[in-house]
Structures are given as C-alpha cells and as structure tokens.
1. Can you work out which of the residues in the range 140-171 that are assigned to a helix (DSSP H, G or I) and crowded, with 18+ Cβ neighbours inside 10 Å is farthest from ligand 1 (Cβ to nearest atom)?
2. What residue, among those in the range 190-237 that are hydrophobic (A, V, I, L, M, F, W, C), within 16 Å of ligand 2 (Cβ to nearest atom) and open to solvent by 20 Å² or more (accessible area, probe 1.4 Å), is farthest from Val67 (Cα to Cα)?
3. Being open to solvent by 10 Å² or more (accessible area, probe 1.4 Å) and not basic (Lys, Arg) is the filter; apply it to the range 267-276 and report the residue that is nearest to Pro231 (Cα to Cα).
4. Those residues that are over 20 Å from the mean Cα position of the chain (by Cα) and at pLDDT 95 or above, I need them from the range 275-292; list them, please.
5. Of (1) within 16 Å of ligand 2 (Cβ to nearest atom); (2) buried (at least 23 other Cβ atoms within 10 Å of the Cβ), Trp279 satisfies all except one. Which?
6. Does the range 233-252 contain at least one residue that is within 16 Å of ligand 1 (Cβ to nearest atom), part of a loop (DSSP other than H, G, I, E, B), touching a residue at least 40 places away in the same chain (Cβ under 8 Å) and of a type in the set (Phe, Trp, Tyr)?
7. Between a residue in the range 120-144 that is within 15 Å of Arg227 (Cβ to Cβ) and any residue that is in a loop (DSSP other than H, G, I, E, B) and within 11 Å of ligand 1 (Cβ to nearest atom), which pairs come within a Cβ distance under 8 Å, given they are 6 or more apart or on different chains?
8. Please tell me if Leu311 is open to solvent by 20 Å² or more (accessible area, probe 1.4 Å) and within 22 Å of Glu156 (Cα to Cα).
Amino acid sequence: MSRFRVPLIPASEITPPEVWQSRRRWLGQAAALGVLAGAGPAALAARATGGDDLPELPGQPNGAFSVVDKPNAWREITGYNNFYEFGTDKEDPLRYAGRMVTEPWTVEVGGEVLKPRTFDIDQLRRLAPMEERVYRLRCVEAWSMVIPWVGYPLAEVLKQVQPTGNAKYITFETALQPDAMPGVKRGIIDWPYVEALRMDEAMHPLTLLVFGLYGKALPNQNGAPLRLAVPWKYGFKSAKSIVRIRCVEQQPRSSWMVAAPTEYGFYANVNPDVRHPRWSQATERRIGDHILAPRVKTRMFNGYGEQVASLYTGMDLARDF
Ligand SMILES: Nc1nc2c(c(=O)[nH]1)N[C@H]1C(S)=C(S)[C@@H](COP(=O)(O)O)O[C@H]1N2
Ligand SMILES: [Mo]
C-alpha cells in the first residue's frame, strides 16, 4: 500500500505553500534519482519490452471489448503478482514460478456435460481465433492494473463439451506441483486453488480464457499456459494455470470462501459500496502510477456494469458479495 495519501484537491489548496513547495522539491530530486517507478520516458519505452524468451502469441485487437486506459508496463504485469502457490510476496511468483512445468499440459473438462473431453494445450490454442483485449484487473487488496491479454471467450470451450441442463455452476481447478511451489508446502490456503463462476457468468462474452499477454505466451507467474480473466470481479476469481474444469449443479465453495468465509463471497463482484471486513473497497491504487498520485475511485463492476449488471438483477449484492 502506498504510504502517501494525496487528496484529490490540488495540494496548493489545502497545504501551506512552504510544505507543498518542499514536497515538489523532493519530487524533483526523486525523479532525478529515478526512484519514481513508472515515470519518465525510459519507463515508457520499457512498457512492452521483456519476455524475449517467450513464444509470440499475437491476437486480433478487439476494440469493442477493450478499455482505453494505458496498459501497465511488462515489468509491472510480470513482476508484481499474486500467485500464492509460489508465496505471498508480490515478487515471489517472478522469483519461483519458473520452476513450474508447463509442458506437456492438458485440461480436463467434464462434470455435467454431454461430451467430456481432455484437451491438449495445443488443441486449446487452436480452438478459436486469438483476440487481444485490454482489460482492467482490480485486486481485492485495492490495487489495480491494465493488462493487454491474448485469448478467446471461455464460451468457445463450453460449446465443445455441451453443458447439460443441470450445469448451473462451473469450477476451475489449478495446477498443483508441490516440489515447484514453495507456497503450497507452507499451507496458506486449501490446495489446489479452486475458483468457480455461475454458468451465465462463465458464458458471458467478457469472460476470457487467456493464453498470452502483450503478444507473447503467458509467463509462468501470470498463469501459464492458460488462465481466466473475469474483469468485473476481484482478481482472485481469475484462476491461473488451470488443469481441470467441471460443470456442476450446486454452488461450489472456492478456496478463498473456505479460507475466510466472512471475507470472500462466491460472487466477488467489484463493488465500491461493500467493504472488505478489514478495509474499504471505495478506492484503489493503480500500480505504476506516480507514488504521490491520488488513489482512484473504484467503479461498480470495475467499470463493466453496462455489460454485466443485468446478470445480477434482483440480487442483493451486499448479501451476495
Ligand atoms: N492459481 C492461482 N490463481 C490466481 C491466484 C493464485 O494465488 N493462485 N491469485 C489471484 C489473484 S488474488 C489475482 S489479483 C490475480 C493476479 O493475476 P496477475 O498476477 O496475472 O496480475 O490472479 C488470481 N489467480
Ligand atoms: Mo487479488
């Protein structure tokens, strides 16, 4: 969390001039020393570079499903991660995820479906045309990023297996490689990491099955070789390194619901009006913003309300959080 909270009103209006002048001097010095991450032309040039060791994975830009916000830098997206299998520090996934074995990789899709099937990762990569979509990602920890994902709607896979009428929910089970995953050895939550969606959420065209970012195959720390991106929900719903998908009739209990039932509900829709029991969700810190930049207001459904609000008509989102 940023230790500096700057109000939305210009500093000059609320702070005695001698204070903000010295603050500006400090900023000048900090910029000169290069300590302000994300500022300056060198940082801008670094945005899309990196990942030279990863295969190319281009996608057709889909403007209709992209936000116009400027994407975060490669080093931010790949160097500041939550992937608890590798530890709880934001740098742990970058540090350790290289040990995860992602080749060969299969994804078993079953449960309440007419045509259960195990896909090889290459079959999945060829299943539908890859799109590039710039999505916001809002973490439950009240920070956010903007990420240019490459993938296609999860609905494409579901079409192949044909969910039955009993399929009301869908679960995503993720990779468990204890020898490669220091976080798994330490406990933390119930492994494997399991997330779930309601069937209509899973079929929604915004729900993306992701194979890459910035035109490259996913780095391990971002959930190689495939993960979800469900942009109107808190980031933890977007399961990484998926190995099993099951359609089920009853509402499943996800790993976070089991770990802390009063803190994490099934829906986990981004909602500035419903606080986490231990902190507010009204605002967020954008990763990469100037260290003294004001926090931004969090939007209902992370700004995707026009597309998804109708999924929740008649529901009390303070109760079904
Ligand atoms: N398997 C697995 N998936 C996971 C997580 C995790 O710990 N394990 N963390 C989640 C959380 S809390 C967030 S915010 C996003 C972060 O995705 P990113 O690191 O690619 O930005 O991944 C989600 N998917
Ligand atoms: Mo998160």
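1. The extreme case among them is Val161.
2. Val194
3. Selected residue: Asn269.
4. Within the range 275-292, Pro277, Arg278 qualify.
5. (2)
6. For the range 233-252, residues within 16 Å of ligand 1 (Cβ to nearest atom), part of a loop (DSSP other than H, G, I, E, B), touching a residue at least 40 places away in the same chain (Cβ under 8 Å) and of a type in the set (Phe, Trp, Tyr): present.
7. These pairs meet every condition: Leu137/Ser238; Cys139/Asn82; Cys139/Tyr234.
8. yes
The values are calculated or read from the model by the stated rules, or taken from the named source; none is laboratory data. Since the model is a prediction, treat every value here as computed from it, not as a measurement. Positions of Cβ are generated from backbone atoms using ideal geometry, with glycine treated the same way; all protein chains shown enter the neighbour counts. Accessible surface is based on the protein model in full, side chains and every heavy atom, while ligands, DNA and RNA are left aside. Shrake-Rupley method; radii C 1.70, N 1.55, O 1.52, S 1.80 Å.
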